[in-house]
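Some notes on the structure that comes next.
Readers should treat all values here as calculations from the given coordinates under stated rules, not as data from a laboratory. Fair warning: this is a prediction, and the values are worked out from it, not measured in the lab. Positions of Cβ are generated from backbone atoms using ideal geometry, with glycine treated the same way; all protein chains shown enter the neighbour counts.
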Amino acid sequence: MSLIQPFVTAVDFRTGAFKPQRQVYQRRLSDMWRMYADRDEAARILAEESDRLIYDVHAAALPAEEGQIPHGTTRIRPGRIGDEYHMTKGHYHARREQGEVYFGLSGRGMLLLQTESGETSEIEMGAGSAAYIPPYWAHRTVNIGAEDFVFLSVWPAEAGHDYGAIERDGFRKLALLRDGGPAVVENPQFA
Ligand code: M6P
Ligand code: ZN
């Protein structure tokens with residue numbers, strides 16, 4: 001186990017930026033266009049418009065050792081691919097028995113969750129929401145508002161990220177614009 005010195009990070013609630021800056025990465029449409037329900041529309045945007053920035057992550061990356069507690073912010077830009085709101089890729093934890101906490105910093109979001117045995121759950125989030133992701137639940141966040149949706153996440157280092165099942169099968173539920181507002185509906189393409 002590494003002995004790490006205690007540290008503090010200043011977090012900008014509007015942008016998720018960390019000061020001092022730590023690990024940063026971006027996810028663009030080209031990184032995940034196949035995950036959107038309307039793949040033709042995603043491909044059209046890529047070809048005719050731009051490789052949109054969907055979200056970025058600022059994280060205090062820590063050694064992947066049991067006991068370490070990585071934490072980071074995710075800022076999802078507002079927008080849709082067809083009717084489907086911008087979202088994260090979503091993942092199970094490689095070690096399924098590990099949970100996570102999300103804390104809303106700004107904007108409006110939806111947390112979509114599902115288990116491998118077929119349960120689903122949706123949680124609306126805003127500034128000040130502390131959402132608990134229990135062990136065994138895959139999680140994807142969606143920006144259902146007109147501004148950036150920014151949240152802080154805290155997870156056990158040993159949890160790991162498993163994207164395989166989501167990349168292959170998708171999520172059981174989609175967050176779509178319906179009648180002028182967000183609605184969570186069954187995904188007809190769920191494998
Ligand atoms: C949150 C945490 C991170 C995750 C990030 C982006 O900040 O859950 O562990 O990496 O969201 O989500 P994803 O990895 O599904 O793209
Ligand atoms: Zn996670």
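Once the Cβ-Cβ distance of ARG178 and ALA94 is raised to the sixth power relative to R0 = 35 Å, the FRET efficiency obtained is 0.55.
Near ILE69, once Lys and Arg are set to +1 and Asp and Glu to -1 for all other residues with Cβ below 12 Å from its Cβ, the sum equals -4. If you take every residue apart from GLY82 with its C-beta less than 10 Å away from the C-beta of GLY82, what net charge results, scoring Lys and Arg +1 and Asp and Glu -1? Surrounding charge for GLY82 is -2.
Region 102-116 and region 13-36 have Cα centres separated by 16 Å.
From the P(r) of region 10-186, could you give the percentage of C-alpha pairs in the tail past 22 Å? Distances greater than 22 Å cover 43 percent of the Cα pairs. Phi angles across region 8-20 convert, under the Karplus curve 6.51 cos²θ - 1.76 cosθ + 1.60 with θ = phi - 60°, into 3J(HN,Hα) values of 10, 10, 7, 10, 8, 5, 7, 10, x, 4, 9, 10, x Hz, Gly and Pro given as x.
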